[in-house]
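Notes follow the structure.
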Amino acid sequence: MSNVNKPVIPAEVAEVIERYRSLGEDNASIIRSTLHSAPSGTLKSIPFDTLLAALVNGYEREMTEEERKIATIKEAWLVRDNDRCFQYDDGYADGIEFVLTELGIQIEGVNA
């Protein structure tokens, strides 16, 4: 079996593909719709070859801005949590928890 690389596509493009799939559309009809859509269509926001590869090989979703922020916060939390040897680190971790709680944001492994 060959190594097939799945392209990474924006979340908006993945959502459109998934919407087409939920309607029972196959690759050919998705391509047809893309070719006949407005030039600013969501599926036209990525290179055509990337779209073809995503339809044939599957794809990975690009993280949204919110997902990137959550991953950054979680990583900072885990680094501090694993290496808490100074009082500063405890205060830093407490600050992260406080801000997340005040903003109503729950992150698994940090404050949820």
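The values are calculated or read from the model by the stated rules, or taken from the named source; none is laboratory data. Computed from a predicted structure; not experimentally measured. Heads up, the Cβs are rebuilt from the backbone with ideal geometry, glycines too, and the neighbour counts pull from every protein chain shown.
Quick one: Ser22 ticks every box in (1) farther than 21 Å from Glu67 by Cα; (2) small (Gly, Ala, Ser); (3) surrounded by 12 or more Cβ atoms within 10 Å (Cβ to Cβ) bar one, so which box is it?
The number of the failed condition is (3).
Find the helices (runs of 4 or more DSSP H) located wholly in region 1-65 whose residues include 2 or more that are within 20 Å of the chain's Cα centre (by Cα), and list them.
11-22, 48-57
Pull out all pairs, ordered by first then second residue, where Cβ-Cβ is under 7 Å, the residues are six or more apart or on different chains, the first lies in region 89-112 and is assigned by TED's automatic domain parsing to the domain that holds Glu75 and of a type in the set (Asp, Glu), and the second is in a loop (DSSP other than H, G, I, E, B) and surrounded by fewer than 11 Cβ atoms within 10 Å (Cβ to Cβ).
Between residues of region 89-112 that are assigned by TED's automatic domain parsing to the domain that holds Glu75 and of a type in the set (Asp, Glu) and residues that are in a loop (DSSP other than H, G, I, E, B) and surrounded by fewer than 11 Cβ atoms within 10 Å (Cβ to Cβ), the close pairs are Asp89/Asp83.
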